[in-house]
Each structure stands twice: as structure tokens, then as C-alpha cells.
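The values are calculated or read from the model by the stated rules, or taken from the named source; none is laboratory data. Computed from a prediction, not measured in an experiment: that's the story for all the values here. Neighbour counts are summed over all protein chains in view; Cβ atoms, including those assigned to glycine, are modelled from backbone coordinates with ideal geometry.
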Amino acid sequence: RIHPPKMYQQINAPKSNMKKTLLTASVALNALLVVALCFMAFSGNTLAAPVRSVSVNSQVGRRAAMGGAAAGMGLAATRMAKAVNPTSIFETNCGACHQGGGNNIITGHTLSKTAMEQYLDGGWNKESIEYQIRNGKGPMPAWEGVLSDEEIKAMTEWVYEQSTTTFKDVN
């Protein structure tokens, strides 16, 4: 007997922290490079053979250039460690079914406070919203193991806030 495929089959993503590990390693390496550059810039050590006739202006220029390079690397490391953007996560992962806070799958089960008070297991509160995001229910997939804990927490806060503002009147 052949079983038809499930309409909403959950694909289990590997539960690894590879993204977080790579980000941490990258930030650590950039920090190490910044420290090394600052040490070189302000200690007078160079990687090249020493030059006997170095003027004060060229030393100042070299130190400024090294300091600028160190600052630039620090800025790059900071940009790599971007904060979680729940709006982007929503648009990418949730928007197909919950466009504009609605529900394209189950009529009435929107992201408004009123609908969550009526339909969400546990009612309208952050714990219930987080549980639903992590574990899913019915056609909604579980996002635990797909989104990081930080992303799930950010989404919980964002949905809770939107339910009384942007999604308030969604039916």
C-alpha cells in the first residue's frame, strides 16, 4: 500500500550551532588581529627590516594607518555579529501563511491578540506564543532546531508586540 506524502511534512534540520560557532570564531579572530595591529602600530615593531632614517612624520602616519586598519577590522567584526531582525525572520519564514498577521491556512487563527486569546493553547501570553513557535501545531511547523533560541525569543517578543499594534485588527 502506497501512502501519499503529508501536505505539511516537517523536515528535521540538524541541531547544530555551526552558525553561532563560526560567528564566535570569526569575531575572536578579528579581535586578535585588532590587538596585534594595535600592538605593532604603537610599539614601534614592524614586520619589515628596520629602516635607519625614519622621520617622526612617517612614524605618525604608519601608526595612524595601523590604527585605522584596526578600527576598520573591529567595525567589520561588529557588522558580522548583526542583531536578530524579527521582521526579516517573519517575512522569510512565516509570511507565506501569516501574511500581514493573518492566516492563509486556517481562517480566523490570526496573530491578533483577540484571535490568540480565543485559539492559542494557553491564551495570549509570551509563554504560549513561544511554545507555538518552538513546537508548531497542526499545519504550523515547529521552528525549534531551525531558528536559534535567540531568534525564537526575538520572534516571541515581536509577535506579542505586533498582536496589539500592527496585527490588532486582523481578522
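Annotations
- Unmet criterion (only one of (1) modelled with pLDDT of 95 or more; (2) part of a helix (DSSP H, G or I)) for Ser88: (1)
- Within segment 96-113, considering residues that are surrounded by 20 or more Cβ atoms within 10 Å (Cβ to Cβ) and within 24 Å of the chain's Cα centre (by Cα), the one farthest from Gly136 (Cα to Cα): Gly101
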